[in-house]
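Asker: The structure that follows is given in the form of structure tokens.
Here, each number is a calculation from the coordinates, and none is a lab measurement. In this text the structure is predicted, and so the values were computed from the model without any measurement. Using ideal geometry, Cβ is built from the backbone for each residue, glycine included, and neighbour counts are taken over all protein chains shown.
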Amino acid sequence: MFSSLKAADVIAAGDRLRPFILRTPLVASEALSEIAGGPVFLKLENHQTTGSFKLRGALNVLAMLDDDARRRGVVASSAGNHGLGMAYAAKLLGIPATIFVPSTAPQVKRDGIMALGASLDASQPHYDAAMAAAIEFANEHRATFVNPCAGAQLLAGQGTIALEILGDLPELATLVTSVGGGGLVGGCASLVRAVSPGTRIVGAQSENTAAMSLSLAEGRVVEIDNLPTLADGLAGQIDDEGFEIGQHALDGIVTLTETEIARTIAWMWSEHRERVEGAAACGVGAVWLRKLDRIATPAAIVISGGNIDSAKFEKITATG
């Protein structure tokens, strides 16, 4: 559970992963800095191996499996990026992997998973159905199911993003992340709350994937409809652990419309020449579209991934 995760777990994960992942760039955004009235930086996880931060958590989990668990294989449900991270980590460590994604998962993510040698099941209509099928498959085959958003080892791996940010920017005042099931913000918060308690943590998500935002507003887990969204990486419900993460990790959360997400994708390309997917655009949009009441600086925004289908990206950037 999130509450049992310690900063030391994130630091240990950083040591474990360092030889196998990229230390992604932390670059200044002049335009966002002008809006915030102080320095704003972009943590470019779209440059990470597999194109997103998800490799960090997946690799940390798989690296800690014993020999028997490795022989029996691993199973994951994913909107795409966790599956890519799992497939890459499994190939690196010689572990059989089966990944369940919804039929709506971007083709670029599906193709990447298969190219890395994992078995792929895309038969389910939406993310939550893919997760149910993955858990059933794992139980039937006595394989290890690796949740994309939960588990101390996974969160510790995701938290290495904050470890790198604080290493480069120890005076960090605000951290902005996209939020789906809570794995990214939970992992980062487990370190930030311990070593930089004055740092404010803000989440951003699509209105069509606002399970966390609605649940925090209601004070209980709220089930949402499975709506189409550009922020496919944030799709799905949250569970009790995700809700706990949101309550303890977030100082605030905002939502963006689908139109606002598309505008932010286009802006990131025109302003920074960075190709980002919808989930990654949410954090940037929170600042660029002035969704936040205040932004203490220096601030860092996690650009969570860049895996967006070419046709969709070209259409968005052509229309702006």
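Asker: Measure nothing fancy, just the Cα-based angle from helix 258-272's long axis to the longest principal axis of the chain, in degrees from 0 to 90, nearest 10.
Answerer: In the chain, helix 258-272 runs at an angle near 70 degrees to the longest axis.
Asker: Also, quick follow-up: Could you work out the equivalent-ellipsoid semi-axes for the range 55-145, taking the square root of 5 times each eigenvalue of the Cα gyration tensor, largest first, in whole Å?
Answerer: The equivalent ellipsoid of the range 55-145 has semi-axes of 20, 15, 10 Å.
Asker: Provide Rg over Rh for the chain; use the alpha carbon set for both Rg and the Kirkwood Rh (inverse mean inverse pair distance).
Answerer: Here Rg/Rh amounts to 0.94.
Asker: Next question. In the chain, if the dipole is taken from +1 on Lys/Arg beta carbons and -1 on Asp/Glu beta carbons about the Cα centre, which of Gln153, Ser4, Ala28 is farthest to the positive end?
Answerer: Ala28
Asker: Can you pick out the pairs among Lys91/Lys312; Lys6/Lys54; Lys109/Lys315; Lys6/Lys43; Lys43/Lys109; Lys43/Lys312 whose Cα atoms lie more than 25 Å from each other?
Answerer: Over 25 Å apart, Cα to Cα: Lys91/Lys312.
Asker: Work out how much length Leu26 to Asp68 would gain on full extension: take 0.36 nm times their residue separation and subtract the Cα-Cα distance, in nm to one decimal.
Answerer: 11.2 nm
Asker: At a threshold of 8 angstrom on Cα-Cα distance, excluding pairs fewer than six apart, so keeping six or more, what relative contact order does the chain reach in percent?
Answerer: 22 percent
Asker: So, one more: Pulled fully out, how much extra length does the chain show between Ser4 and Glu271, if you take 0.36 nm times their separation in residues and subtract their Cα-Cα distance?
Answerer: Between Ser4 and Glu271, full extension yields an extra 92.1 nm.
Asker: Still on this model: Please give me the summed charge of the neighbours of Glu207: other residues whose Cβ is under 10 Å from its Cβ, Lys and Arg +1, Asp and Glu -1.
Answerer: Combined, the nearby Lys, Arg, Asp and Glu give -2.
Asker: How long is the gain from Arg220 to Arg193 if the chain were fully straight, where each residue apart is worth 0.36 nm and the alpha carbon distance is subtracted?
Answerer: That pair, Arg220 and Arg193, stretches by 7.4 nm at full extension.
Asker: Using Cα atoms only, what is the angle between the long axis of helix 183-195 and the major principal axis of the chain, expressed in degrees (0 to 90) to the nearest 10?
Answerer: 60 degrees
Asker: Starting from the Cα gyration tensor of the range 31-82, take the square roots of the eigenvalues, sort them a ≥ b ≥ c, and report rounded, prolate or oblate (rounded when a/c is under 1.5, otherwise prolate if a/b is larger than b/c, else oblate).
Answerer: In terms of gyration-tensor shape, prolate.
Asker: Assign one of three labels to the range 1-155, namely rounded, prolate or oblate, based on the Cα gyration tensor with a ≥ b ≥ c the square roots of its eigenvalues; rounded applies when a/c is under 1.5, prolate when it is not and a/b is larger than b/c, and oblate otherwise.
Answerer: Note, shape of the range 1-155 comes out prolate.
Asker: Another question about this same structure. Could you please report the charge total around Thr255, scoring K, R as +1 and D, E as -1 over all other residues with beta-carbon less than 15 angstrom from its beta-carbon?
Answerer: Value of the local net charge: -3.
Asker: Under a 10 Å cutoff between Cα atoms, tell me which one of Ala129, Ala262, Ala152 has the largest fluctuation in the Gaussian network model of the chain.
Answerer: Greatest mean-square fluctuation among the candidates belongs to Ala129.
Asker: Given the -39500 (n - 2.57) contribution per DSSP H run of 4+ residues, what per-residue ellipticity at 222 nm results for the chain, rounded to the nearest 500 deg cm²/dmol?
Answerer: -14500 deg cm²/dmol
Asker: Angle check, please: helix 240-249 long axis (alpha carbons) against the longest principal axis of the chain (alpha carbons), in degrees 0 to 90, nearest 10.
Answerer: 30 degrees
Asker: For the range 69-108, rounded, prolate or oblate, judged on the Cα gyration tensor with a ≥ b ≥ c (square roots of eigenvalues), a/c < 1.5 rounded, else prolate if a/b > b/c?
Answerer: Prolate, because a/c is 1.5 or more and a/b exceeds b/c.
Asker: Just in the range 83-186: which trypsin sites (Lys or Arg not before Pro) are loop by DSSP and have at most 15 other Cβ atoms within 10 Å?
Answerer: Here the sparse-neighbourhood loop sites are Arg142.
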